[in-house]
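All remarks here apply to the structure that follows.
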Amino acid sequence: LARGLYVLGATPGSIVAVALDRTADLVVVLLAVLKAGCAYLPVDIRYPVDRLRYTVEHAGATIVVGQPESFPHLDGVRVAKPDELAELADRAPTASQPAVKGSDLAYVIYTSGSTGRPKGVAVPHRNVAALVSATQADFSFDGYDTWTFFHSCAFDFSVWEIWGCLLTGGRLVVVPYWVSRDTELFYKLVEQRQVTVLNQTPSAFAQFAEVDARLRARLALRLVVFGGEALDVGMLTSWFARHSPTNCRMSNMFGITETTVHVTEQTLTPAEIAVGSQSVGRALPGWSVSVRDPRGRVLPIGVAGEIYVGGLGVARGYLHQPALTDERFVTDPYNGYRLYRSGDLGRIRPDGRLDHLGRIDDQVKIRGHRIELGEIRNVLLVHPSVAAATVLLRHGSPGDRDTARIDAYYVVHERSQLSAADLLRHAAKMLPDYMRPTTLTRLNAIPLTANGKVDPAALPEPALAAASPAHAAPADPADPIATRLLALWSRLLNTEVCPSDNFFEMGGNSLLVVRLLRELPDHGLPRVTMQDFYRHSDAARFIELVRASCG
C-alpha cells in the first residue's frame, strides 16, 4: 500500500487523508501512510460533506484513501480505495522505507475551533513514541494484552488505542461501528475476545458498567483507562462492589489533543470515591503541568488558575495557523521551554497531584468530544438571515451527563422568516451530529448583562428544534405497545412525545438510545438493535418495529 501511495504521487512529509470505516483495513492503511514517510489525516466518514471538504483542503492533502463513490469530489484530490493502492503497487519498484526522524509529522487531527472552522493539531512521531515509553512500564503493557479500537479515528483517543497496543506487541480488536454504538454487543465482544485493556470515556463506561451489573460475565480486563471528559468518581461505586481494584486497575488520565492524548494519570480506588476526589494525578514521565495566572506566572499550591502543559507531548502547533499557534503554544519565561496553554482550570495539591476544575473559556465536552461553543455560534452567524446568536450547554435532567444538550438562541434580520428547521439544516452542512444544537429558539434580542455580555439566566426556556405540532394525535389508549413506548420516550426525553416525533429532533442522543433499548425488556418488550433504532427513529416507525418484533 505504501508503494501504491508513491505511484499516486505521495512523497515523504506529505499529508494523506484516510476516510475509511473502522475495520482492520483502516489500521493497515494508517501503517502504510507512516511506512511511506507521510503523515495521516484521519477523517470520520460520517461527518458532513462540507466539513470533510474543508478538512482535506485546509490540510493540503492531495490523496484520500477512501471510497470514491461516497467521498465528496475535490479538484486536484485523488480518492483511492485500499485495493486500488495494492494494484498500483505493482507499478512501483521495490524501494527501501524512507528514513523518518522523530521530528517528522506523524498525524494531523482536527478539533473544534472557536472561529467556526476546525483546527488541525500537528503531532510528530517522537511525541507518540514518548507517550508509549512513558506509560509502558507502569501499565505493564506487553504482547499478552488485547486492546479494543473503539473510538473514531478522528478522535485522538484512537491514537492511544492503536499505537499504544501495536507498539507494545498487543493484539488489537477493531470494534465495528454499530457494535460500538450498542453497549450490550460491545460488552459481549469484550468478554468473547478476552480484552485486557479497555479505553473509554466516562459516559460510555457508565453504560458498560450497567450492562456488567446485569450480565456478570467473566471479563479478562486488567486495566480500564478513562479519558476524553471529566470523571465523576462516584459512578465507580457499583463497579468496585463487583471488581477488585487489585484485579482491574482503573486509571483516570487527563489529556489534550495538543499534548498527545494523555498528560497525567490517577489510579482510582474506593478511597478516591470516599472523598469525591477531583484529582487527575501527576504528570507522566517527560510531561509537566503547572497552574498559572493570566500573565503566565506560576501560582502557589492550592490556588486555581490555567493549566499549562510542557514536555515531550507538546505538539508542533496548529497546521497552517501560525497566529493561533503563537497564542496557545508559548515560551516558558522561567526556562525557555515550549508550553501549551490548555484553557483548563486547575490547582496543584500539596502532594503534587493536579485537580481538574473545568474550563476557563466556553469550550465544553460532550460524550468525550471537545467542542468550542463559539464554533457552533459562528456557523449559525454565517447564515445571511441571522443577526445574532448564542449557544449554551445544558442538561435535560440536572446532573445527568447523558442528557447533555446544546441549546442555541438566534435573532434574525428584520423581515426574515428564517425558521428553526431551516437554520438547523444550515448547521448540519458543517457540524457533525454531536455538535448540532438540540434546540433552536428564535428571540427578538439576545439578553445582555450590564457589562454587555450574554445573560444566560435571562434566556427563556428553549424550544425544541422540531417540536410536535399542537394538533399531533396522542397514542390510542387501546394500544398498549404505543402507550408504553411513548411514555418511555417522554420520560427519557423529559418532554411529551407524540407518534409524529423523532427521537433525535426531540433532544435524544446516542447515550439516551442505549438507555431506551436497555429498558425495553423491563416493560415486557423485545430487544431492538441500535442499528434498527437509527433506521426507525420516528416514534410511529419505532412503534411498528417493536410491534412486528412482538409478532
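The values are calculated or read from the model by the stated rules, or taken from the named source; none is laboratory data. Being a predicted model, the structure only gives us computed values, none of them experimental. Neighbour counts run over all protein chains shown; Cβ positions are idealised from the backbone, glycine included. Areas reflect the complete protein model, heavy atoms only, side chains present, ligands, DNA and RNA absent. Shrake-Rupley method; radii C 1.70, N 1.55, O 1.52, S 1.80 Å.
How many percent of DSSP beta bridges within the chain run antiparallel, rounded to 5? Could the numbers behind the result be given before it?
Working: 51 of 80 bridges.
Once the DSSP bridges in the chain are tallied, antiparallel ones form about 65 percent.
In the chain, which helices (entire DSSP H runs) extend 20 Å or more along their own long axis, judged by Cα positions, while averaging at least -1.0 on the Kyte-Doolittle scale? All intermediate terms of the calculation are to be shown ahead of the outcome.
On the way: long enough: 125-139 (21 Å, 0.17).
TM-like helix candidates: 125-139.
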- Report, in deg cm²/dmol and to the nearest 500, the calculated mean residue ellipticity at 222 nm for the chain, where each DSSP H run with n ≥ 4 adds -39500 (n - 2.57) and the sum is divided by the residue count. -9000 deg cm²/dmol
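Normalised by the number of residues in segment 71-149, what is the relative contact order in percent for Cα pairs under 8 Å and 6+ residues apart?
Working: 40 pairs, mean separation 15.2, N = 79.
Relative contact order for segment 71-149 comes out at 19 percent.
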- Item | Filtered trypsin sites (Lys or Arg not before Pro), segment 191-300: DSSP coil and at most 11 other beta carbons within 10 Å | Arg216, Arg218, Arg295, Arg297
- Message: For the chain, what is the number of Lys pairs with C-alpha distance below 23 angstrom, counting only pairs 8 or more positions apart or on separate chains?
- Response: 6
- Message: If you average the C-alpha positions of segment 206-257 and of segment 50-113 separately, how far apart do those two centres end up, in angstrom?
- Response: 36 Å
- Message: Using a 10 angstrom Cβ neighbour count of at most 12 plus a DSSP loop assignment to flag exposed GluC sites (Glu not before Pro), which longest range of the chain is free of such sites?
- Response: 70-413
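Select from segment 70-169 those trypsin sites (Lys or Arg not before Pro) which occupy a DSSP coil region and have at most 15 other Cβ atoms within 10 Å, ordered by residue number. Present the calculation step by step, with values, prior to reporting the outcome.
Values: sites: Arg78, Arg91, Lys101, Lys119, Arg126; in loops: Lys101.
Listed in order of number, the matching sites are Lys101.
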- Note on the structure: Residues whose built amide H sits under 5 Å from the amide H of Asn199, excluding neighbours closer than 5 in sequence, are Thr148, Val225
- Task: With +1 on each Lys and Arg Cβ and -1 on each Asp and Glu Cβ, and nothing else charged, work out how big the dipole of segment 1-127 is about its Cα centre, in Debye to the nearest 20.
- Result: 440 debye
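Using only alpha-carbon positions, what ratio does the radius of gyration of segment 400-448 give when scaled by 2.2 N^0.38 Å? Write down the numbers at each step before the final one.
On the way: Rg = 12.3 Å, N = 49, 2.2 N^0.38 = 9.7 Å.
Here the answer is 1.28, to two decimals.
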- Message: Checking the a/c ratio against 1.5 first, then a/b against b/c, what shape does the Cα gyration tensor give for the chain?
- Response: rounded
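Ignoring ligands, DNA and RNA, please state the percent of accessible area on the chain from carbon and sulfur, probe 1.4 Å.
On the way: 12260 of 23620 Å².
The C+S portion of the solvent-accessible surface of the chain is 52 percent.
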- Note on the structure: Spelling it out for Val18: with amide H atoms placed in the peptide plane at 1.01 Å from N, the residues 5 or more places away or on another chain with amide H under 5 Å from its amide H are Leu41, Val43, Val65
